[in-house]
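Data block below; observations after.
Values quoted throughout were computed directly from the atomic coordinates according to the rules given, and no laboratory measurement underlies them. Nothing here was measured: the structure is a model prediction, and the numbers come from that model. Virtual Cβ from ideal backbone geometry, glycine too; neighbours counted across all protein chains shown.
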Amino acid sequence: MPNQTPQTYANHTRFDPIYHFFVIPVLAITFCLTIWNLVQSLVQGSLGFPAVWTSLAALATLVAAFKIRLYALKVQDRVIRLEERLRLSLILSEPLRARIGELTEAQLIALRFASDPELPGLVEKAIAEKLSPAEIKKTIVAWRPDYFRV
């Protein structure tokens with residue numbers, strides 16, 4: 001990816017503009033408007049099934065949008081975990097390879113940004129000091145970018 005900005009800890013998070021800045025705001029505003037309509041119906045004393053159902057449908061749509069996103073991220077995390085276990089088994093020496101199972105899923109996902117040469121030392125440190133994903137990422141010197149995160 002020659003046109004990509006070099007990835008670092010400071011800029012590695014990713015936004016999907018259509019999802020984060022269009023879909024979610026539109027669904028959130030729609031839900032708020034249906035609640036406002038529901039309250040107006042209550043005030044006027046004409047609460048009906050359509051106002052209640054529209055509010056529930058708007059809430060269900062908003063929840064579905066978040067759940068669908070979380071499902072995609074979870075699948076992606078599982079693939080990253082598998083890739084990193086394979087990478088670690090190829091790069092690490094035997095004593096450290098036997099300890100791959102001590103890494104948490106979050107640590108494995110954070111380690112994907114570490115370059116191959118610094119990976120063994122970082123794995124050892126992550127296990128010994130129980131480093132959080134943020135601490136692992138901040139420790140990385142030679143950043144290995146991941147431009148394919150959903």
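Of the residues LEU122, ILE80, GLN7, the one whose Cα sits farthest toward the positive end of the charge dipole of the chain, with +1 on the Cβ of Lys and Arg and -1 on the Cβ of Asp and Glu, is ILE80. Give the calculated FRET efficiency between PHE22 and ILE127 to the nearest 0.05, with a Förster radius of 25 Å applied to their Cβ-Cβ distance. Efficiency computed from Cβ-Cβ geometry: 0.05. I want to verify a result. In a Gaussian network model of the chain, Cα cutoff 10 Å, which of these has the top mean-square fluctuation: GLU94, GLU105, GLU84? It is GLU94. Restricting the calculation to Cα atoms, every distinct pair contributes to the Kirkwood radius of region 12-64, found to be 12.1 Å. Under the simplified labelling scheme, the VAL43-VAL141 pair shows an inter-label distance of 6.4 nm, with each label point 7 Å from Cα along Cα→Cβ. Its Kirkwood hydrodynamic radius, worked out from the mean inverse distance over all distinct Cα pairs, puts the chain at 18.6 Å.
A Cβ-based charge dipole, computed about the Cα centre of the chain with Lys and Arg at +1 and Asp and Glu at -1, lands at about 140 debye.
Simple spin-label estimate for GLN76 and THR8 gives 2.2 nm between the two label positions (7 Å along the Cα-to-Cβ direction from each Cα).
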